[in-house]
Amino acid sequence: MNSIDTYNFQGKRALVRVDFNVPLDKETMAVADDKRIRAALPTIQHILNAGGSVILLSHFGRPKEGPEEKFSLKHILTTVEKNIGKPVRFSPDCIGEDALNQSKNLKSGEVLLVENVRFYSEETAGDIGFAEKLSKLGDCYVNDAFGAAHRAHASTTQIAQFFPNDKMVGFLMKSELESARKVLNHAERPFTAIVGGAKVSDKVLIVENLLNIADHIIIGGGMSYTFYKAQGGHIGNSLCEDERLETCREILTKAQEKGVQIHLPIDSTIADRFAADAETKVAPSNQVPDGWMGLDIGTEAIAQFRGVLLKSKTILWNGPMGVFEMKAFENGTKSIAVAVAEATKNGAFSLIGGGDSAAAVEKFGMSDQVSYVSTGGGALLEYFEGKVLPGVQAIED
């Protein structure tokens, strides 16, 4: 496998698969958060500085039947230009004559952004013929889209076979994999995994895999109530997956057998309804009154989890502790972010697992106080579930 550090880009057209699936302001259609664009800059700048030109490939949204104006990458063009610091050419298609001609005429140091690859259903189908057409745009292929690495799509996976000696991962993908592998394979102990979110079914595979590598697993969010009900607790109207009660009991038994400590929140901030202005109080998590629901971890749970985190040397966090989007229920997630930052300051390695966890540390201003914030929620989750990421395998094969 080539390394982006040593590959000779001089005079080469580098086809770079990025993840520019960024949120837009619905009224102005301007980019609301350019984090993913900024994350790709080291790779783009390296290629340009090394004498190459760059053709950017990305998906954007989920167009259903061909091109849709609201999913056009033209909306992000000015933000891409602003971040790269130079004009960026744009092709209104990702294959065909215009894209091909523009890519062929690129000079060293120039950048071309082509239209949304998902305007073709062949992209998500992983069509070989479509991948071959995309491959004609460049002389080498760089996959820097970790957020899409778990998708076996044409531009993330199949395309790599057309560059047998000229394919590599970009700096973002490289750092994502290094951080994940550090936690998975070389975790300094004690290793604590924080798993939150609404449903056990979304996280069952990662929890089962973590039972083989973690010392402590902290469980928060809506999924904790399914665990409490599985043990005979009373959870009122809290979120619960009755079909997963046996799964929870099996996880608790396996954890005991493997010597892994599972920590469930002692208490919860409960509400009389799911609303920002609901009436709230604190109750033991296994004694939630009828008509009430747990929407955040309570003060005792915060102290309980904080104690575990401050003794940890490696921390993985995937999923919030409650409905942190509402101010009334943000305290648990915010407090965990503070504790993770403090543990990091004390020498722990902390990996924030994309998605809601990344949004939370960003919201509470902690992004620069943890070791690494992943850009790929789904991809990182699948990696920690023990699955092979097709976008990575295509480069390594």
- Note on the structure: Filtering the stretch 77-128 down to residues that are more than 21 Å from residue 63 (Cβ to Cβ), acidic (Asp, Glu) and not in a loop (DSSP other than H, G, I, E, B) yields 81, 97
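For every residue, the table says whether it meets (1) out of contact with any strand residue (DSSP E or B) (no Cβ under 8 Å at 6 or more places or on another chain); (2) buried (at least 24 other Cβ atoms within 10 Å of the Cβ); (3) of a type in the set (Val, Ile, Thr); (4) part of a loop (DSSP other than H, G, I, E, B).
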{"site": "174", "(1), (2), (3), (4)": "yes, no, no, no"}
{"site": "177", "(1), (2), (3), (4)": "no, no, no, no"}
{"site": "182", "(1), (2), (3), (4)": "no, no, no, no"}
{"site": "189", "(1), (2), (3), (4)": "no, no, no, yes"}
{"site": "205", "(1), (2), (3), (4)": "yes, no, no, no"}
{"site": "209", "(1), (2), (3), (4)": "yes, no, no, no"}
{"site": "212", "(1), (2), (3), (4)": "yes, no, no, yes"}
{"site": "218", "(1), (2), (3), (4)": "no, yes, yes, no"}
{"site": "224", "(1), (2), (3), (4)": "no, yes, no, no"}
- Message: So, in the stretch 232-264, exactly how many residues are in contact with a Gly (Cβ under 6 Å, 6 or more places away or on another chain) and either small (Gly, Ala, Ser) or in contact (Cβ under 8 Å) with a residue 60 or more places away in the chain (or both)?
- Response: 1
- Being surrounded by fewer than 19 Cβ atoms within 10 Å (Cβ to Cβ) and in contact with a Ser or Thr (Cβ under 6 Å, 6 or more places away or on another chain) is the filter here, so list the residues in the stretch 160-172 that pass it. 162
- Note on the structure: Within the stretch 315-328, the residues that are touching a strand residue (DSSP E or B) at 6+ places or on another chain (Cβ under 7 Å) and either under 18 Å from residue 358 (Cβ atoms) or surrounded by 24 or more Cβ atoms within 10 Å (Cβ to Cβ) (or both) are 315, 316, 317, 318, 319, 321, 322, 323
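For (1) within 22 Å of residue 148 (Cα to Cα); (2) of a type in the set (S, T, N, Q), each residue gets a yes or a no:
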{"site": "67", "(1), (2)": "yes, no"}
{"site": "74", "(1), (2)": "yes, no"}
{"site": "79", "(1), (2)": "yes, yes"}
{"site": "96", "(1), (2)": "no, no"}
{"site": "109", "(1), (2)": "no, no"}
- Query: Quick one: which of 336, 302, 270, 251 is part of a strand (DSSP E or B) and assigned by TED's automatic domain parsing to the domain that holds residue 363?
  - Reply: 270
- Query: If you take the residues in the stretch 371-397 that are touching a residue at least 12 places away in the same chain (Cβ under 8 Å) and β-branched (Val, Ile, Thr), which one is farthest from residue 145 (Cα to Cα)?
  - Reply: 373
- Query: Quick one: would you say residue 30 is farther than 19 Å from residue 140 by Cα, loosely packed, with under 15 Cβ neighbours inside 10 Å and among the small types (Gly, Ala, Ser)?
  - Reply: yes
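Which count do you get for residues in the stretch 305-330 that are in a strand (DSSP E or B) and either within 18 Å of residue 239 (Cα to Cα) or not aromatic (Phe, Trp, Tyr) (or both)?
Here is the first cut: in the stretch 305-330, the ones in a strand (DSSP E or B) are 314-318.
This time we only want the ones that are either within 18 Å of residue 239 (Cα to Cα) or not aromatic (Phe, Trp, Tyr) (or both), so: 314-316, 318.
Number satisfying all stated conditions: 4.
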- Counted residues in the stretch 345-397 being hydroxyl-bearing (Ser, Thr, Tyr), in contact with a helix residue (DSSP H, G or I) (Cβ under 7 Å, 6 or more places away or on another chain), buried (at least 19 other Cβ atoms within 10 Å of the Cβ) and in a helix (DSSP H, G or I) come to 1
- Looking at residue 131, is it of a type in the set (A, V, I, L, M), over 18 Å from residue 157 (Cα atoms) and not in a loop (DSSP other than H, G, I, E, B)? no
- Task: Return yes or no: is residue 112 modelled with pLDDT of 95 or more, buried (at least 20 other Cβ atoms within 10 Å of the Cβ) and in the same structural domain as residue 56 (by TED's automatic domain parsing)?
- Result: yes
- Task: Scan the stretch 97-107 and give yes if some residue there is on the phi < 0 side of the Ramachandran plot and within 26 Å of the chain's Cα centre (by Cα), otherwise no.
- Result: no
- May I ask you to list pairs of residues, at least six apart or on different chains, whose Cβ atoms are under 7 Å apart, with the first in the stretch 136-160 being more than 20 Å from residue 46 (Cβ to Cβ) and the second being among the polar types (S, T, N, Q) and modelled with pLDDT of 95 or more? 148/156; 153/124; 156/143; 159/135
- Odd one out for residue 363 among (1) under 24 Å from residue 238 (Cα atoms); (2) out of contact with any strand residue (DSSP E or B) (no Cβ under 7 Å at 6 or more places or on another chain); (3) at pLDDT below 95: (1)
- Answer residue from the stretch 126-159, given it is farther than 26 Å from residue 354 by Cβ and of a type in the set (D, E, K, R) and is surrounded by the fewest Cβ atoms within 10 Å (Cβ to Cβ) among those: 136
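The values are calculated or read from the model by the stated rules, or taken from the named source; none is laboratory data. Owing to the predicted nature of the structure, the values given are computational and were not obtained by experimental measurement. Using ideal geometry, Cβ is built from the backbone for each residue, glycine included, and neighbour counts are taken over all protein chains shown.
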